[in-house]
4 protein chains.
Amino acid sequence: MNKEQGEVETYPTAMAISKRESISIFGGDLSQDFIGEVSFGAYAFRLIMLREPTPGELRLFEAVLVALADHGFTPTAIAARLTYLSAPDAIQGAIAAGLLGGGSRFLGVSEDTGRVLSEKLASLKRVPTDDAGWDEIASKMVADLKASKMTIPGLGHHLHKDGDPRVPKLFSIAKEVGTFGPHLALFQAMGRVAPAILGKNLPLNGAGCCGAALADLGIPQPLLRGVVLLARCAGLLGHIADEMRTPVAQSIFEHVESHAISSYPLD
Amino acid sequence: MNKEQGEVETYPTAMAISKRESISIFGGDLSQDFIGEVSFGAYAFRLIMLREPTPGELRLFEAVLVALADHGFTPTAIAARLTYLSAPDAIQGAIAAGLLGGGSRFLGVSEDTGRVLSEKLASLKRVPTDDAGWDEIASKMVADLKASKMTIPGLGHHLHKDGDPRVPKLFSIAKEVGTFGPHLALFQAMGRVAPAILGKNLPLNGAGCCGAALADLGIPQPLLRGVVLLARCAGLLGHIADEMRTPVAQSIFEHVESHAISSYPLD
Amino acid sequence: MNKEQGEVETYPTAMAISKRESISIFGGDLSQDFIGEVSFGAYAFRLIMLREPTPGELRLFEAVLVALADHGFTPTAIAARLTYLSAPDAIQGAIAAGLLGGGSRFLGVSEDTGRVLSEKLASLKRVPTDDAGWDEIASKMVADLKASKMTIPGLGHHLHKDGDPRVPKLFSIAKEVGTFGPHLALFQAMGRVAPAILGKNLPLNGAGCCGAALADLGIPQPLLRGVVLLARCAGLLGHIADEMRTPVAQSIFEHVESHAISSYPLD
Amino acid sequence: MNKEQGEVETYPTAMAISKRESISIFGGDLSQDFIGEVSFGAYAFRLIMLREPTPGELRLFEAVLVALADHGFTPTAIAARLTYLSAPDAIQGAIAAGLLGGGSRFLGVSEDTGRVLSEKLASLKRVPTDDAGWDEIASKMVADLKASKMTIPGLGHHLHKDGDPRVPKLFSIAKEVGTFGPHLALFQAMGRVAPAILGKNLPLNGAGCCGAALADLGIPQPLLRGVVLLARCAGLLGHIADEMRTPVAQSIFEHVESHAISSYPLD
């Protein structure tokens, strides 16, 4: 803000601007051009990217949102239910509490995978044209990550030890609609080469695959986690509806409270 | 929790249940039956309602989500941007901060409208069959609310003083797809009769209309606010993407800080 | 905001105002008059009330903060730990998630008790001068609340069924320091008369007692929940430190996930 | 969790454990040993550290909490006020929204400073015994950070360009009470040597000084941000009380909304 004295302060935005009689957005009119005319997924894509998705992009984007929306009793879903138990009068708090678990350990995997893939792709002089070419690059990438002792994002799942069932479906949709780009190609190659390099079976996981798919759609890397959170917001709403119908949070709380033992003093 | 000693504790849920090789939900398989097969809006509806929406219901549901997603520089959008400014490393915090504004004053209007309409409808012996019948009921409702000194939810907007442009479009879609039910009918009648009863022009607002539309879709009243929050989550993501491209939060902060004056001691 | 064209916008505040060389607050200088000169509890009291507490008021205020800081594995503490498990890189999210449980069911009891007591006291023509007088008023209040089918805040605790051990200590401190006012007197009377009126033993709980004590200190009713949240913030920090040393959140998550059963379709 | 079939699951904790008749903590009894017996600051220290602070440690710890509690209209305080404006019925949301700004840019400075200092100290073979010794180490540290193009935490403040007034007071208290340890010594030296190395006047800031002081008290580095958040929680409560008395959030919102201009399409 380098404003001259007296200069009028303004706040530029590409989001909606409301006037007395209209709400304008994306060079159009919210009511005439968007409400009832586009799907929520298409509108969400546009809010982030400021452009209309192609039908193929939209199909993959909505597939990713569906894939990420819910995974049952995750720590974030449990946190949302416990918060709803404590504060049923403020449902926004329960959803917010659930989203706050969107960090490095669970919901951050999509972002981390997208970043690792993007950095590798940015370093390439030319993009491979066949699987053998991708395998070579993926091998180098996995070996480097292994050497640096870093966790390799996108590999392994505590339950789906033989393969995450979401991964082949997402690959298949991306190929079908023509949005299978370099991030997904490198990610798929990573799945082929990792077991031999790491000496153990760590299959590709769904969160990582979603990160690769979103990166191929052009979603900027710092927003990948945001898309995951949008998807998860629907799942958390489902868990709260579920908690209203069939409460479990009180039982979880009582289970924990009644099994507490003292660890003080520490030895 | 009345469990016999030794009885196994279980947590029932209608959300996803994951096994080593599959993720089951709604009596089907996440990957085969939902990813890429249904829109995100349709899946969100199902997460909340545990049933598939009809095509008409889905069109109205997605229209409502689009209508509520963004309304420009609202207090919640500004709060999310300021939080992003402070903690750009934890985008989940910025989205959560924005959602936490989903309370009684702004994002709660949809819920409040839905509740007032539902309570009135529950008290009716029979549902009117024409506009005159609805107007009579709405007149009684508005007069009662006026007498009780309560704010009447769904009426008035600080900017759209001559009518919220989202309202006629939502009515039109609901009629077109055959989901214009008693909540929308009573809400529309409220708009017709309120000016004469209240002695001032307070047109129907979009948030209230969305509440009525969602109630007609069967969304339980305590979850109306949750649907608004899901919609708003997409808008907040848009604002954070906007803030990354064209930052304004630092300017807002500096404007406020530089115009602070002391109100201490209070007089 | 009714500003004439060109009028300068200002934001009045009784909180700190910073200049290049100083930070002013409460008519004094932050560094010279407050840092190292007053306890954190005394400063928190002043931030809320804009006045210095008397030594007696401060002793009771700090006693309440200590009493409310931690109660072990509450739903809010568990939610904070699960959020820390998911997002250990953003500790602010874990604390926020814990505080978001500060609603009507658990941490809201202090506020609800304070409100019920204040409303009753506001309706009195004169304040009783002995226990018999307080008992009479409390009897009427409890009978009215019972008749209205409302939950009576401040009574009963799921664990401390024979009496919450914090209550007599708080009464004793308030009497010792001379801040035992009408809210505590009415609250104490409520404990004496409730069992006979309700036909069951529902002793006074600590959260309600803290609400009464804070109300006697003059804390405005809408801020009572805020003081509880400040106290709880310290407890949540303790739980996160505990989780770092001796993790349990992963075990809680695994316990819940592994005991999930499907409740779909609902019958 | 490697439990044998049938083994009882337990959750160890050093926080409070409640029984029907008592609440135990730190090997003592909450009501008898802590409520009314220790200050809130002392209890918070114990919740984090599991040990009693010495009187000197407590004085510095409370001084840091007071120093960090409020800094006027920061982005986090504005976000809390805007959230309160939107959702006045859920004060926990406003406080949580404010705390969520506790990230890398603003409230994270204490943690970042503590980490940089701790890492440097951990690399030393022996600790200096005079200022010249500290200056030598600080010079190397600042030069290395400058060479790595990293922001140097603890240096500079957008308002207090000639020195943050909190810093000399905190140094003075730490020396007076005998807790001026290696973190503060290295931090102070950094302030002496930085201008010459960086070629510009970037004085030590208060947030960084608090991080150094807390590190000298033994607070683990990953919890430094948590202590800042506890302090800030009191300040946010003050801002919400202030907003109740003298509202400004609506004016801030209207200022921003009325100065919005479209940045779409981006050029």
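The values are calculated or read from the model by the stated rules, or taken from the named source; none is laboratory data. Remember, predicted model here, so these are calculated numbers, not experimental data. Every residue, glycine among them, receives a Cβ derived from its backbone with ideal geometry; neighbour counts consider all protein chains shown.
Could you go through the range C:189-196 and let me know if any residue there is crowded, with 24+ Cβ neighbours inside 10 Å and among the hydrophobic types (A, V, I, L, M, F, W, C). Looking through the range C:189-196, at least one residue is crowded, with 24+ Cβ neighbours inside 10 Å and among the hydrophobic types (A, V, I, L, M, F, W, C). Scanning the range B:221-263 for residues that are outside any helix (DSSP H, G or I) and over 22 Å from A:Pro220 (Cβ atoms) yields B:His259, B:Ala260, B:Ile261, B:Ser262, B:Ser263.
Taken over the range A:128-144, the criterion of being modelled with pLDDT of 95 or more and not acidic (Asp, Glu) is satisfied by A:Pro128, A:Ala132, A:Gly133, A:Trp134, A:Ile137, A:Ala138, A:Ser139, A:Lys140, A:Met141, A:Val142, A:Ala143.
Can you find a residue that is of a type in the set (Ser, Thr, Tyr) and either facing another protein chain (nearest Cβ under 9 Å) or at positive phi (or both) anywhere in the range B:179-193? No; the residues of the range B:179-193 include none that is of a type in the set (Ser, Thr, Tyr) and either facing another protein chain (nearest Cβ under 9 Å) or at positive phi (or both). Scanning the range A:59-73 turns up at least one residue that is within 16 Å of the chain's Cα centre (by Cα), of a type in the set (Phe, Trp, Tyr) and surrounded by 23 or more Cβ atoms within 10 Å (Cβ to Cβ).
Rundown of residues vs (1) without any contact (Cβ under 8 Å) to a residue 60 or more places away in the chain; (2) of a type in the set (Asp, Glu); (3) closer than 21 Å to C:Ser258 by Cα, yes/no style:
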| site | (1), (2), (3) |
| --- | --- |
| A:Gly199 | yes, no, no |
| A:Pro203 | yes, no, no |
| A:Gly208 | no, no, no |
| A:Ala212 | no, no, no |
| A:Leu217 | no, no, no |
| A:Ile240 | no, no, yes |
| A:Gln250 | no, no, yes |
| A:Glu257 | yes, yes, yes |
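For the range A:141-188, a residue qualifies if it is of a type in the set (Lys, Arg) and surrounded by 14 or more Cβ atoms within 10 Å (Cβ to Cβ), and the qualifying residues are A:Lys146, A:Arg166, A:Lys169.
When the residues of the range D:233-267 are filtered to those that are in contact with a Gly (Cβ under 7 Å, 6 or more places away or on another chain) and buried (at least 22 other Cβ atoms within 10 Å of the Cβ), the one that is farthest from A:Ser24 (Cα to Cα) is D:Leu237. For C:Leu204, the conditions (1) closer than 30 Å to D:Phe40 by Cα; (2) crowded, with 17+ Cβ neighbours inside 10 Å; (3) within 13 Å of chain D (Cβ to nearest Cβ) all hold with the exception of (3).
With the structure loaded, tell me whether B:Thr151 is of a type in the set (Ser, Thr, Tyr), within 14 Å of another protein chain (Cβ to nearest Cβ) and either in contact with a helix residue (DSSP H, G or I) (Cβ under 6 Å, 6 or more places away or on another chain) or over 24 Å from A:Ser24 (Cβ atoms) (or both) or whether it fails that test. Considered against the rule, which asks whether it is of a type in the set (Ser, Thr, Tyr), within 14 Å of another protein chain (Cβ to nearest Cβ) and either in contact with a helix residue (DSSP H, G or I) (Cβ under 6 Å, 6 or more places away or on another chain) or over 24 Å from A:Ser24 (Cβ atoms) (or both), B:Thr151 comes out as yes. Residues being under 18 Å from D:Cys210 (Cβ atoms) and either of a type in the set (S, T, N, Q) or touching a residue at least 12 places away in the same chain (Cβ under 8 Å) (or both): count how many of those fall in the range C:26-37. So the answer is 3. Being crowded, with 23+ Cβ neighbours inside 10 Å and modelled with pLDDT of 95 or more is a property that D:Phe40 has. Residues in the range C:115-137 that are over 23 Å from C:Val228 (Cβ atoms), part of a helix (DSSP H, G or I) and touching a residue at least 24 places away in the same chain (Cβ under 8 Å): C:Asp131, C:Trp134, C:Asp135, C:Ile137. Taking the range C:38-114 as the region of interest, the helices (runs of 4 or more DSSP H) fully inside it that hold 2 or more residues being facing chain A (nearest Cβ under 7 Å) are C:75-86, C:91-99. If you check D:Ala234 against the conditions, is it under 19 Å from the mean Cα position of the chain (by Cα) and either more than 22 Å from D:Lys140 (Cα to Cα) or hydroxyl-bearing (Ser, Thr, Tyr) (or both)? Spelling it out, D:Ala234 is indeed under 19 Å from the mean Cα position of the chain (by Cα) and either more than 22 Å from D:Lys140 (Cα to Cα) or hydroxyl-bearing (Ser, Thr, Tyr) (or both).
Any idea which of (1) over 25 Å from B:Tyr264 (Cβ atoms); (2) touching a residue at least 24 places away in the same chain (Cβ under 8 Å) is the one D:Leu236 doesn't satisfy? Condition (1) is where D:Leu236 drops out. Total residues in the range A:82-105 satisfying the condition of being in contact (Cβ under 8 Å) with a residue 40 or more places away in the chain and in contact with a Leu (Cβ under 9 Å, 6 or more places away or on another chain): the figure is 7. Scanning the range D:77-107 for residues that are under 27 Å from C:Arg115 (Cα atoms) and among the charged types (D, E, K, R), which turns out surrounded by the fewest Cβ atoms within 10 Å (Cβ to Cβ)? Top of the filtered list is D:Asp89.
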